[in-house]
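Every number in this text was worked out from the coordinates using simple rules, so none of it is lab data. These numbers were taken from a predicted model, which means no experiment stands behind them. Don't worry about glycine lacking a Cβ; one is built from the backbone with ideal geometry, like all the others, and counts go over all protein chains shown.
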C-alpha cells in the first residue's frame, strides 16, 4: 500500500514538474510576437500555445489548462496589466477554447487522425471564442483603456482591407482570419514535433 502511494506521489511530482517546465517555455515564447500582414499590428502572433498543446496531448486537458493559466499568470506578474486583468482573463479563455477540444478528442482516441480532428476543432473554437471576446469585451475595453474610439481600430483595419468598415467587419476580416491562421500554424508545429517530444513527456 505504501509502495503504491509512493509511486503515485512520484508520478504526481513528475507531472507537476513537467507542467512547470512547459509553462516556463510558453511564457518565454509569449515574448516573441510579430504582426501579420492582414490584421492591424495590435494583433500579434506568438507560439506560446505550442507547449500548451504538447502538455495537453501528453498529460491531458487538465494539465493543458494548468499550463495555460500559469503562462498567463507569470506574464501578468512580470509585465503587469493595462486592463485590470480583463485582457489576461480573455486570453486565458481563448487559449482554453483552443486546447480543451483538442485535448479531449485526442484523449478519447490517441492517434494521428484524432489529433488532426482535435486540432481542427480547437482551431474553430479558437476563432469563434476569440471573435466573440474581441467583439464584446476586448476591443471595447482597449478603447476605454487607451482613450481611443473603436473607430480608430476600425480605421487601422481599413488601411489593410477596405472591406473593414465597422466593428463586425473588423472581427470578420481581421480577427477571424488571424485566429484561424494562428490555430493552423500552431497545430502544424505541434504535429511536427509531438512525436519527438512525447517520449520525454511520458517518462
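Numbers below:
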read-out	value
Overall form of the range 119-170 per C-alpha gyration tensor (a/c, 1.5; a/b vs b/c)	oblate
Calculated SAXS-style log₁₀ I(q)/I(0) at q = 0.11, 0.13 Å⁻¹ - the range 85-172, Debye, Cα scatterers	-0.41, -0.54
Under 17 Å from the residue 143 label point (7 Å along Cα→beta-carbon), backbone N, the range 158-197	158, 164-175
P(r) weight above 21 Å for the chain, C-alpha pairs, percent	54 percent
Degrees separating the helix 86-108 axis from the principal Cα axis of the chain, which is the longest one	50 degrees
Ordering of 134-147, 93-106, 58-71 by packing [mean C-beta count within 10 Å, highest first]	93-106, 58-71, 134-147
Cα-based helix-to-principal-axis angle, 112-133 vs the chain, degrees rounded to 10	40 degrees
Estimated FRET transfer efficiency (residue 110, residue 160; beta-carbon r; R0 41 Å; 0.05)	0.50
